[in-house]
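Participant: A single structure is presented below for examination.
No lab work stands behind these numbers, since they all come straight from the coordinates. Just so we're clear, the structure is a prediction, and the values are computed from it rather than from any experiment. Cβ coordinates were reconstructed from backbone atoms using ideal geometry, including for glycine residues, and neighbour counts include every protein chain displayed.
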Amino acid sequence: MRSNLGTDLVRQRAVTVISLIAGGGDLATGLLLALAPAKALALMGAPMVKEPALLQFVGVFVACVGASYLLGLLTWLWTGSSTRLRTVWELTILFRVAAGTFVALQIAMENFSWAWVSVPATDWAWVLVQATLLRLGYFDKNSQRIPF
């Protein structure tokens, strides 16, 4: 019987890299929005909002979404159980579809400037990647955790 060790290693590395990039990106973006909203908007090329506290609130949420990827990833790497990380991926698909669609609609209605287009583009790209890998069985129970 052939071993799935090579396939499992590729899957683990893909899931690890994606979780680090998606989670780290959200964590960094969220912290920047929460702690320095004017700087975050300037980096996007978006005008400052009238109520920065609302943007900071969104930043806290975005940072927590990013932290959830990292916590799920650490749990998987420490325990060998991918259950938490899989749940993070499944739930963040919902969050990203909702947030990306909301922002896209706000852009279409001219309530947000085109500088915000990176939000739906990024969210929908992660939805596509995560949904595809989940569908391909990257978290199947027969996959082994490979120590690095």
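Participant: Over the chain, calculate the relative contact order: mean separation of alpha carbon pairs under 8 Å at least 6 apart, over the residue count, as a percent. Don't jump to the answer; show the numbers that get you there.
Facilitator: Values: 159 pairs, mean separation 38.8, N = 148.
Relative CO of the chain lands at 26 percent.
Participant: Picking from T92, T132, T75, which is most flexible by a Gaussian network model of the chain using Cα springs under 10 Å?
Facilitator: Highest fluctuation among the options: T132.
Participant: Provide the per-residue ³J(HN,Hα) series for region 11-24, in order, calculated from phi with Karplus coefficients 6.51, -1.76, 1.60 and θ = phi - 60°, each as a whole number of Hz, with x at glycine and proline positions.
Facilitator: After applying 6.51 cos²θ - 1.76 cosθ + 1.60, I find 4, 5, 5, 4, 5, 5, 5, 5, 5, 5, 6, 5, x, x Hz.
Participant: If you place +1 on the Cβ of every Lys and Arg and -1 on the Cβ of every Asp and Glu, how big does the dipole about the Cα centre of region 5-135 come out, in debye to the nearest 20?
Facilitator: 260
Participant: Considering the chain as a Gaussian network with a 10 Å cut-off on Cα pairs, which listed residue, V65, V88, V103, attains the greatest mean-square fluctuation?
Facilitator: V103
Participant: If you don't mind, there's one more thing I want to ask. For region 103-111, in order, what is each residue's ³J(HN,Hα) by Karplus, 6.51 cos²θ - 1.76 cosθ + 1.60 with θ = phi - 60°, in whole Hz (x at glycine and Pro)?
Facilitator: Listing the rounded values in order: 5, 4, 5, 5, 5, 4, 8, 6, 8 Hz.
Participant: Which ³J(HN,Hα) values, rounded to whole Hz and listed in residue order, are derived for region 27-37 from phi using the Karplus coefficients 6.51, -1.76 and 1.60 in 6.51 cos²θ - 1.76 cosθ + 1.60 with θ = phi - 60°, glycine and proline given as x?
Facilitator: In residue order, the calculated couplings are 4, 5, 4, x, 5, 5, 4, 6, 9, 8, x Hz.
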